[in-house]
Every structure is written in structure tokens, then in C-alpha cells.
1. Report, in debye and to the nearest 20, how large the dipole of the chain comes out about its Cα centre when Lys and Arg carry +1 and Asp and Glu carry -1 on their Cβ.
2. Given the pairs 486/589; 393/419; 179/298; 362/417, which are separated by over 21 angstrom at their Cα positions?
3. Ignoring ligands, DNA and RNA, what percent of the accessible area of the stretch 225-374 is carbon or sulfur (1.4 Å)?
4. Need one word for the stretch 527-582: rounded, prolate or oblate. Basis is the Cα gyration tensor (sqrt eigenvalues a ≥ b ≥ c); a/c below 1.5 gives rounded, then a/b vs b/c decides.
5. Extension gain residue 22-residue 248, at 0.36 nm per residue separation less the Cα-Cα distance, in nm?
6. Kindly provide the trypsin sites (Lys or Arg not before Pro) of the stretch 190-225 that DSSP labels as loop, not H, G, I, E or B, and whose Cβ sees at most 11 other Cβ atoms within 10 Å.
7. Assign one of three labels to the stretch 391-486, namely rounded, prolate or oblate, based on the Cα gyration tensor with a ≥ b ≥ c the square roots of its eigenvalues; rounded applies when a/c is under 1.5, prolate when it is not and a/b is larger than b/c, and oblate otherwise.
8. Would you mind pulling out the separation of the Cα centroids of the stretch 497-528 and the stretch 318-389, in Å?
Amino acid sequence: MDKKLNNNSKNIILLIDDTLLLDSVDLFASSQTIISLDFLSHEKLKLKKIKHIESDIFISETEIKNLQEHSNNFTHWYEDLDIKNCTTYKNINLGELFYVDFYVYLIPVLKTFFELSKIISKYPDSYFIASSNISKFIEQFSVQFKEIKQINVNPNFYLDSINYQIKLNKKSFQIPISKSNYRFMKKISESFFKYLFKQNYDNLKKSHILVEFDPLRFRELFSILPKTSNFIVYNRRRPYFWNLQSFLIFKKSEVSFFTENELIDSEIQNNIKNLLNWSSNALLKLKTHDKYFNNYFKINDKSFWNIIEKSFFSLCKTRFEELVCEIEYAHKLFEKTNPSTLTVWSELGSYEQILINIAKSKKIPVILLQHGYYRDDKSATIFNYFSGVLPKKSDYFLVWGNKMIDYCKGIGLELNKIKIIGSPFFDNYNNLHKLSSKSDYVLLAAQGPTDFSILDLKNNAFANYIETIIQICKITKKMKKNLIIKLHPDPHDLDITKYIEPLNLGVQVIKSGNIAELIQDCELFLSIDISTTILEAELLQKPVISISVKDFKLGYSNSQIFQSSIYVAVNELENEMFKVLNDKKYRNKIISNGTKFVNEYLSNQNSSSKSFINFLDTF
């Protein structure tokens with residue numbers, strides 16, 4: 001609702017977000033103050049050379065830290081006893097299953113709400129002009145404003161879109177598709193291809209369920225799976241196979257898998273309507289707790305519930321309808337397989353949480369696999385638990401080596417649940433090293449600001465990242481080296497192509513595909529901050545330099561991986577690159593340090609898949 005301007009002498013403040021089109025000259029002419037509320041709007045204003053204030057200046061580092069803690073706490077809305085009664089289906093609290101979706105949606109909302117509260121406090125008697133999106137926020141305050149209706153923006157929840165990868169020859173392409181269309185395509189294709197597989201499931205054998213396992217990443221494991229047990233791969237999020245190579249690995253392994261059609265028996269099919277009715281009723285019950293939500297979603301005693309209410313219930317509706325069906329499918333899977341173990345590599349995902357809950361209720365051991373190099377300073381512990389990479393509910397945590405054991409001891413994990421097996425991901429890396437050929441290109445593994453931190457939403461986070469990438473491009477050009485940039489596979493990651501293409505530096509940007517194939521032929525490997533790719537490069541005996549860009553207060557500089565590798569600011573990069581590329585003794589020292597660290601961090605190299613299978617055989 002627009003509040004009419006009563007005093008023409010008031011300061012007029014124009015609030016710009018990425019939904020407001022910048023095509024009205026009158027808006028800018030009448031505004032004494034212009035404030036951008038996000039990086040995209042800041043970029044647009046900067047491009048048009050329009051003087052403005054960035055909203056980041058209204059929020060301090062201390063306030064960001066407090067806001068980050070609030071954002072984590074707000075995801076626990078489902079823990080209230082009365083709310084549990086609305087959201088629990090077959091002893092599983094549905095609210096917990098999509099806490100990541102809600103968290104990623106909530107972070108920019110909290111930042112905008114808090115910044116607007118500070119802006120309005122600074123300019124209490126001003127008249128504000130804003131988009132429909134921002135007007136929802138301003139309505140919560142006692143100020144006059146005008147709403148500019150331009151773009152109707154529906155909330156884009158984190159997991160509602162998927163980038164599907166297609167590889168033609170050596171080039172990979174990503175096609176964005178909706179989650180519903182992806183699920184439909186997955187269901188149809190898997191039902192078709194199932195006819196090409198023999199069903200080797202034997203009820204007399206022990207069974208082990210492997211959740212969301214990629215046959216390409218686990219190719220060595222798939223190649224040695226014994227026929228003495230049933231191995232069932234359960235991939236609800238990722239496809240079982242997506243190209244000829246993954247199809248052949250899967251088929252040759254003789255693992256079992258169940259299509260959705262196999263899990264939807266007549267009982268579930270007849271019960272679908274009841275499931276949807278349960279979801280609708282749960283949502284109606286949830287909506288009766290408006291007072292609870294209004295009190296729960298507060299910052300500094302100011303509620304922002306009215307801002308998120310519509311999107312919150314939209315998310316609940318979508319997820320409830322999907323998840324009650326997934327719970328039924330999971331129960332059916334356990335009935336058909338009677339598993340001895342359940343193995344996941346994260347406790348974060350909705351499907352993993354469902355399976356873990358059912359396994360725990362049936363007293364089936366749950367195994368959590370370490371699947372990457374984790375931030376291993378104590379200050380990162382809360383983040384690691386929140387990210388689902390440390391065991392909360394799992395019975396066993398299978399780690400890569402003694403270095404991870406040291407971290408687990410330091411944070412007080414029960415040592416009897418931690419076992420060293422190594423990493424099945426890297427069992428074939430010795431072969432890759434033998435195949436590598438000399439090349440003169442430098443490879444950069446880049447990951448920009450993420451959706452997981454309020455710090456990453458600040459303009460300077462984007463600006464620092466982009467400027468760092470540009471500087472790296474210029475340095476490699478100056479050294480007459482070709483540069484390949486491999487972007488992080490996260491579909492939400494910032495695509496830096498548009499920032500470096502105008503520079504005409506001959507840089508190649510690759511958005512998808514297997515980075516190991518690029519690492520094996522590079523002359524020097526660069527990484528932005530901490531990444532598992534550092535270990536991959538060290539395994540392939542490449543010199544590694546990591547460039548410091550972000551500071552999440554997660555103890556990056558104390559990370560074990562930087563005790564034996566180079567970690568520099570971008571203004572130190574040129575000197576380090578020159579030494580690595582031109583001083584053979586220095587280069588060999590860096591490679592030797594990396595190899596030493598890898599040998600300490602990764603146990604059972606080339607035999608970790610066998611170690612994993614041996615561990616499963618104990619059940």
C-alpha cells in the first residue's frame with residue numbers, strides 16, 4: 001500500500017534492488033538520495049554512472065556476525081512442540097528436512113530487513129520510493145513511501161531449479177530446467193533403461209544402501225563391489241547415469257537400483273490422494289499459529305513475519321507434498337531390501353535425512369562418508385555441523401586419514417564412531433598421473449560468493465572476487481601463460497565470464513565437467529581459498545598456490561592444508577607464480593610439500609574402496 005506524501009520538503013530516498021528497472025529518469029531526478037540494496041543493482045547504477053550509496057555501509061561486521069547467528073537459529077522454527085504436531089509425518093519432522101532451502105531463502109531477507117531498519121533510523125522523516133519487493137519490507141515501519149510496481153518476482157528457492165549437464169566431445173553445456181521437469185525426465189528415462197539391466201537382487205544376501213553415489217566419482221568402488229552382498233544405489237536427487245561412461249560403469253557393476261515406478265506399488269498409488277490431503281491439512285494447521293511465527297521471526301524486537309509469510313507457506317506447501325511421498329518411497333525401499341547398512345556422504349539433504357530417520361528407527365547402522373576437504377579449524381565446527389558434513393545422527397564417520405582424526409578429536413567427537421578408510425574418490429588418481437602430459441597452461445579453480453553466508457552478499461565480497469580473478473588473468477597473460485578457469489559446479493555460483501571477456505586476454509572459462517582431466521595436464525594449479533581440488537592437484541603432483549579472497553571467520557589461515565602449501569593475497573601472487581614457474585628447485589619443493597601432506601591426509605591410497613567394502617562386511 002502506498003502512503004501519500006504529505007510534505008513536499010521531505011528528503012526523497014530511492015531504494016534500488018534488482019527487481020526495479022532503471023528506465024525512469026523522473027525517479028532519479030526527484031530523488032535526493034539513492035541507495036542500492038544488492039550487488040546487481042549497484043552494478044547497474046555504476047554502469048549508468050548514477051551516484052548512489054551502497055546499503056552495506058549501514059551494517060557493521062559485528063552486526064553481520066549476529067545476523068548470521070540469527071539466520072542459523074531461525075531455521076529451527078519446526079522444533080516448537082505445537083508446530084511439531086503439525087509437521088510430523090510417520091515420526092519425521094518435515095520442517096527439518098528442508099532447513100537448507102529455508103536458510104538460503106532467508107539470508108538475503110534478513111540482510112535487507114536489517115539494513116532497511118538502519119536506513120530508516122538514519123532518515124526517519126524521509127519519503128521512500130521502492131519496488132513492490134522492497135515495499136513489503138518498508139510496510140513494517142512507520143514511514144511514508146511509494147511503491148513502484150514493475151517486475152512480479154516469485155521466490156526462487158534454492159533447490160527448485162537444476163542445471164543439467166550435457167557433454168559433446170570435449171565441451172560441456174548446462175541447461176537450466178525446473179525441478180519438476182527434471183524429476184519427470186528422470187522418472188521416464190530410468191524406467192526405460194531399467195529394462196537393460198538384470199535384477200541381481202538376492203533376498204538371501206546382506207544388503208547395503210548407498211545414497212546419491214555418482215558412478216564416475218566412485219568408479220573404482222563400483223568396479224570391485226563383491227557379489228556376496230546386494231549393493232543398492234538410491235539416487236533420488238542425481239541421475240543413476242547420464243552418459244555412456246556412467247551407464248557402462250553402472251551396468252558392469254551389477255548394483256541394484258529401484259525406479260520410482262517400482263517403489264510406487266498399488267498401496268501407495270491409491271494413497272497419493274490421502275498424502276496430498278495430509279499435506280493440505282498440515283499446512284492449514286500451520287497457518288493457525290500466526291502468533292507463534294510473528295513472535296519467533298524477530299530481529300531487535302521487530303517482527304519480519306509479514307514479509308516472509310507468503311513465501312514461507314509456499315515453500316512448506318511444495319515441500320510437504322513432495323516429502324510425504326518420498327517418505328513412503330523410502331519405507332518401501334527398506335521393506336524391499338532389509339538393509340544391513342545405510343551409507344550417506346551428507347546429513348544435509350532431504351532424502352538423506354528421511355533415510356537416516358527410518359534407518360535409526362529400525363536400528364540399522366548409518367555410515368557417513370567424508371566427501372571433501374573440510375574447514376578444519378575449531379571456529380568452523382558450527383558451520384560444518386550445519387552443512388551436514390559432521391555426524392549428528394550417523395553411527396559411524398568414515399574419514400580420509402589421521403589429519404581428519406586430529407580435527408575430530410579437537411572438537412570432541414566420539415572416537416569409537418570414527419574410522420579411517422581413505423577416499424574412494426581418489427583410487428584411480430595414480431593412473432591419471434601416469435597419463436598426464438606436459439602443458440603450458442595454468443588452471444584456476446574458482447568459486448565465487450555463495451548462498452550460505454551473509455558476508456557473501458556484501459558488495460565487496462563480489463567486488464573482491466571479481467577483481468582477484470581479473471588480476472590473475474592479467475598476471476598469467478603477463479607471464480605469457482594460457483589460463484583456464486574452471487568454475488565451481490554449484491549452479492548458483494557467479495559466472496565471471498562477462499567480467500573477463502571484454503579484457504581480451506584469451507582466457508578460457510569452463511563451467512562444467514571433471515576438473516581432474518584439466519588438472520592432470522596443467523603446469524600450475526591455482527585455487528581460490530580452501531578447496532578439495534587442492535588435494536586433487538597435489539595427488540597429481542602439481543604445484544599449488546591458493547589465493548586468499550574471502551574471510552568467513554572460519555579459520556582459513558589455520559587450516560592444515562596451508563601448513564604445506566602456498567596461501568597468498570593476490571598482490572603476492574605474481575612473485576610466487578614467477579618462482580614456481582622459473583625456479584625448478586622451488587617448484588620441486590612445493591610439489592614435495594604437497595605430496596607429503598597428501599600422504600598424511602589420505603590413508604589407503606588406491607585401496608580405500610576396498611577398505612570401505614571391508615568395513616561394510618563387518619555388519
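The values are calculated or read from the model by the stated rules, or taken from the named source; none is laboratory data. What you are looking at is a predicted structure, and each value in this text was computed from that prediction instead of being measured. Counting neighbours? That spans all protein chains shown, and the Cβs are built from the backbone with ideal geometry, glycine included. Ligands, DNA and RNA are excluded from the accessible area calculation, which covers all protein heavy atoms including side chains. Shrake-Rupley method; radii C 1.70, N 1.55, O 1.52, S 1.80 Å.
1. Working: 79 positive and 69 negative charges, 217 e Å.
That gives a dipole near 1040 debye.
2. Working: 486/589 26 Å; 393/419 16 Å; 179/298 32 Å; 362/417 19 Å.
Distance filter (> 21 Å) returns 486/589; 179/298.
3. Whole-percent figure for carbon plus sulfur exposure: 48.
4. On the way: a/c = 2.15, a/b = 1.20, b/c = 1.79.
Since a/c reaches 1.5 but b/c is at least a/b, the shape of the stretch 527-582 is classed as oblate.
5. Numbers: separation 226, 0.36 × 226 = 81.36 nm, distance 5.21 nm.
Gain in length upon complete extension: 76.1 nm.
6. Answer in residue order: 198.
7. Details: a/c = 3.55, a/b = 1.43, b/c = 2.48.
Verdict is oblate for the stretch 391-486.
8. With the stretch 497-528 and the stretch 318-389 each reduced to a Cα centre, they are spaced 34 Å.
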